[in-house]
Structures are given as C-alpha cells and as structure tokens.
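First up is the structure itself, then whatever we jot down about it.
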Amino acid sequence: MSRARKPDWLKMRPPSGERFTEIKQSLRERDLHTVCEEANCPNMGECWSGRDGPGTATFMLMGDRCSRGCNFCDVETGGMDPLDEDEPEQVADAVADIGLDYVVLTSVDRDDLPDQGAGHFARTIEAIKERHPGILVEALVPDFQGEEDLVQKVLDAEPDVFAHNVETVERLQWPVRDRRAGYEQSLSVLRQAARESDCYVKTSLMLGVGEYAHEVYQALSDLRQVGVDVVTLGQYLQPSRSHLEVSEYVHPDAFDTWRRVAEEELGFLYCASGPMVRSSYRAGELFVESVLATDDVEAARERARSQ
C-alpha cells in the first residue's frame with residue numbers, strides 16, 4: 001500500500017528564535033526533558049516563542065524512557081532510570097528562570113515504581129506552587145492503572161488543570177495504545193478528577209488513526225458524561241516507519257466542525273481542534289482566554305451544561 005503524502009496544511013517551519021534558544025539552554029543546564037522535544041511536537045517553536053506572553057513548555061518528568069510501548073508515541077521504551085529526587089526543585093527553578101505563567105507537567109509511564117510516579121508529580125506541583133503562588137499548573141498524567149489512591153495523590157497537590165489523554169476512540173485503543181491502557185480505565189481517571197476536585201479536567205483525542213465519525217462523537221459524548229471540561233483534537237502524525245501508519249489526513253474543515261460540535265452541542269468549555277493541535281498546544285493562552293474569563297469552575301460548568 002502506498003504511503004499518503006502529507007497535505008499542504010501540515011507544512012511547518014522548524015523552531016527558531018531568541019526565546020526558543022533561551023528556553024532550550026535553561027532546560028539543558030538542568031538536565032530537564034520536555035515532551036515538546038521527546039515527542040517531536042510540531043508546535044514547539046510556536047509555543048516556546050510565545051505570541052502575547054512568555055510561551056508554554058511542557059516538562060516531562062521522571063526521565064525520557066517509558067515503561068510502555070504505545071504504537072503512536074516516539075518516546076523510547078524500557079531501560080528505566082531511578083527517579084531524580086531533585087527534579088521537582090529543578091523544574092521550579094526552570095519555571096522561574098524562563099518566566100512562565102502557565103506550566104504543563106507530564107511524564108513517561110512509570111509502571112516500575114511502587115506509586116507509578118504519582119508522588120513525584122505531587123511534589124513537583126507543590127514545589128512550583130510554593131515558589132510561584134500565582135502560577136497556573138496543568139498536570140497531564142498517566143492512568144496510574146486506574147488506582148484511585150494514586151490519582152488522588154496528584155489531585156491533593158491541587159493542580160489548576162488535571163489532564164489525562166484518552167488518545168483515541170474506544171475501538172482503536174489497543175492498536176494505538178499499550179495494552180496496559182484502556183478506554184474505561186482512562187474514563188475512570190477523568191471521572192474521579194471531575195468528581196473529587198475543583199480543578200478543570202482535560203483530555204485529548206488523535207484523529208487519522210482509522211476512526212469513524214460516529215466513534216469520535218461517541219467518545220466526545222462519553223468524555224462530557226464523566227465530567228471533562230476541555231478537549232483537544234489533533235492530527236496523528238507517524239513519528240517513524242516503525243510506528244502506526246496514518247490512516248487519513250483529516251481536513252481542517254472537519255476539525256473546525258468537531259470544534260463546533262464539542263463546544264456548541266456537547267457543552268465543553270472549550271475545544272482546541274486542528275491538524276497541528278496537540279494536548280498542550282497554546283495551553284496557557286487558551287485556558288486564560290476561554291476559561292479564566294469566567295467566574296469560577298462551577299459557574300463555567302453550569303453555563304456549559306445549559307447550552
């Protein structure tokens with residue numbers, strides 16, 4: 001089967017600029033990793049350079065090797081290193097050096113650890129909040145194999161946004177994700193966050209992996225039903241020939257349609273949707289523009305429910 005050629009709307013410029021260089025240097029000095037680099041995010045230059053603010057960088061905690069092997073992800077699998085106990089403070093230092101107002105924390109999966117890294121997440125959130133009380137922190141976490149006490153450990157650290165990516169529709173979970181993940185398991189994590197905390201709850205879906213339109217609609221409906229406030233949709237891009245092939249390059253008009261469905265019909269507080277959108281794409285800018293303009297989380301959610 002011939003490989004589909006990337007359409008013009010997926011052309012992107014390589015990252016550059018003074019701001020980009022400053023952030024990269026600060027990260028290297030502290031031996032910190034970002035998912036922006038490890039996952040070859042196409043928006044790295046745009047997000048790091050920033051438009052109207054200091055920019056957004058997504059810190060990847062607990063190393064650059066993952067205990068799982070998802071077929072869409074470019075992060076290396078296996079060879080896990082011990083946790084760097086200084087990393088929470090190093091991240092807090094980097095946040096101060098870079099001058100961020102909104103921080104995204106994510107990680108590799110660490111099924112090899114007794115608490116799967118939940119405590120490390122919590123310590124990093126707390127270190128940032130202690131040093132920068134006004135900063136907004138988004139925690140984009142693994143599923144912790146659905147263990148509620150581990151999810152709660154992160155929630156107790158009081159991130160402003162709790163995010164966990166369901167990644168794809170129910171039927172395609174295992175061709176796309178590692179078999180230790182699962183649709184219902186991810187929904188249970190998101191449900192707990194919506195039920196047990198006051199933070200905003202967020203997730204992401206990739207399109208172009210073989211899903212049908214009715215499956216996307218069902219997934220969005222399921223996510224709203226468990227209490228997800230924010231969703232992002234983006235085009236899957238194959239990192240290498242050994243990864244899952246792209247089934248379809250979804251047209252930008254289709255992404256715009258899904259945005260309207262998510263916001264106007266299903267009641268998400270906002271939906272970032274487009275071929276180049278990723279989970280952390282312009283996370284701080286969109287959060288401030290679309291959510292913090294509202295009174296509070298309950299008022300915002302009530303408005304969404306009434307639409």
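Quick one: would you say VAL169 is free of Cβ contacts under 8 Å to residues at least 60 places away in the same chain and in contact with a strand residue (DSSP E or B) (Cβ under 7 Å, 6 or more places away or on another chain)? Against the criterion (free of Cβ contacts under 8 Å to residues at least 60 places away in the same chain and in contact with a strand residue (DSSP E or B) (Cβ under 7 Å, 6 or more places away or on another chain)), VAL169 does not qualify. Here is the figure for region 149-185: residues that are part of a helix (DSSP H, G or I), crowded, with 23+ Cβ neighbours inside 10 Å and not aliphatic (A, V, I, L, M) total 0.
Just a yes or no: is a residue in region 252-260 among the small types (Gly, Ala, Ser) and either in a helix (DSSP H, G or I) or without any contact (Cβ under 8 Å) to a residue 24 or more places away in the chain (or both)? Full working, then the answer.
First, the residues of region 252-260 that are among the small types (Gly, Ala, Ser): 254.
Next, from what is left, pick out any that are either in a helix (DSSP H, G or I) or without any contact (Cβ under 8 Å) to a residue 24 or more places away in the chain (or both): 254.
Checking region 252-260: at least one residue is among the small types (Gly, Ala, Ser) and either in a helix (DSSP H, G or I) or without any contact (Cβ under 8 Å) to a residue 24 or more places away in the chain (or both).
Against the conditions (1) at negative phi; (2) surrounded by fewer than 22 Cβ atoms within 10 Å (Cβ to Cβ); (3) modelled with pLDDT under 90, GLY99 satisfies every one except (1). Of the residues making up region 115-127, not a single one is assigned to a loop (DSSP other than H, G, I, E, B) and among the β-branched types (Val, Ile, Thr). Taken together, GLU138, GLU130, GLU89, GLU85 contain a single residue that is surrounded by fewer than 15 Cβ atoms within 10 Å (Cβ to Cβ), charged (D, E, K, R) and outside any loop (DSSP other than H, G, I, E, B), which is GLU130.
Considering each of VAL201, VAL189 in turn, give the residue that is in contact with a helix residue (DSSP H, G or I) (Cβ under 8 Å, 6 or more places away or on another chain), surrounded by 24 or more Cβ atoms within 10 Å (Cβ to Cβ) and either under 20 Å from VAL277 (Cα atoms) or in contact (Cβ under 8 Å) with a residue 60 or more places away in the chain (or both).
Values: VAL189 fails: either under 20 Å from VAL277 (Cα atoms) or in contact (Cβ under 8 Å) with a residue 60 or more places away in the chain (or both).
When all the criteria are applied, what remains is VAL201.
The values are calculated or read from the model by the stated rules, or taken from the named source; none is laboratory data. Just so we're clear, the structure is a prediction, and the values are computed from it rather than from any experiment. Backbone-built Cβ (ideal geometry, glycine too); neighbour counts: all protein chains shown.
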